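*Asks:* Below: one structure in structure tokens.
Where a number appears in this text, it was derived from the coordinates with a stated rule and is not lab data. Remember, predicted model here, so these are calculated numbers, not experimental data. Virtual Cβ from ideal backbone geometry, glycine too; neighbours counted across all protein chains shown.
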Amino acid sequence: MTCLDARKRIYDYLNNKLSEDELKPFIDHVGNCKECMEELRITHMVYSGVAELDSDKDTDIDIDGALKKSITDAKFRLFRGFVRKIMIMVVDTIVFWAVLVMLIMQFRIWIF
Ligand SMILES: [Zn+2]
């Protein structure tokens with residue numbers, strides 16, 4: 001992913017609109033690119049600042065902490081997606097073998 005692609009996705013990222021396929025290269029990019037991370041940090045700050053003004057909370061706003069948490073959440077989401085894919089693969093494999101074994105047993109009943 002180029003810096004231009006990453007920056008185009010910052011708003012979508014902050015609005016949770018990135019699909020898993022888009023999220024992974026984005027997170028990888030901002031993790032390795034200081035300029036894009038700074039851009040994300042600033043945009044996130046503006047965004048969450050606006051969100052905080054809307055709500056009546058007058059607590060200390062831990063914006064950098066919130067961004068770190070958001071990125072951790074995104075990584076966790078990607079990890080969950082990865083685990084889900086593995087699970088589906090495992091279940092598919094088990095179903096395939098179960099069906100195959102059942103067919104073989106059925107054939108044995110028919111043939112012998
Ligand atoms: Zn970049």
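*Asks:* Give me the base-10 log of I(q)/I(0) for the chain at each q in 0.09, 0.21, 0.22, 0.23 Å⁻¹, Debye formula, one uniform scatterer per Cα, rounded to two decimals.
*Replies:* -0.41, -1.10, -1.16, -1.22
*Asks:* Moving on to the next point. Sorted by average packing, counted as other Cβ atoms within 10 angstrom per residue and highest first, what order do 3-10, 89-96 take? Mind showing how you got there, number by number?
*Replies:* Details: 3-10: 15.9, 89-96: 10.0.
Going from most to least packed, we get 3-10, 89-96.
*Asks:* Just need the relative contact order of the chain here, percent rounded to a whole number, with Cα pairs under 8 Å and 6+ apart. Mind showing how you got there, number by number?
*Replies:* Details: 43 pairs, mean separation 28.0, N = 112.
So the answer I get is 25 percent.
*Asks:* Let me have the 222 nm mean residue ellipticity of the chain computed from DSSP H runs of 4+ only, each contributing -39500 (n - 2.57), with the sum over all residues rounded to the nearest 500.
*Replies:* When only DSSP H runs of four or more count, the value is -28500 deg cm²/dmol.
*Asks:* I've got another one for you. So if I place +1 on the C-beta of Lys and Arg and -1 on the C-beta of Asp and Glu, and nothing else carries charge, what would the dipole magnitude of the chain be about its Cα centre? I want it in debye, nearest 20. Don't skip to the answer; put the middle values down first.
*Replies:* Working: 16 positive and 18 negative charges, 164 e Å.
Using Cβ point charges on Lys, Arg, Asp and Glu, the chain gives about 780 debye.
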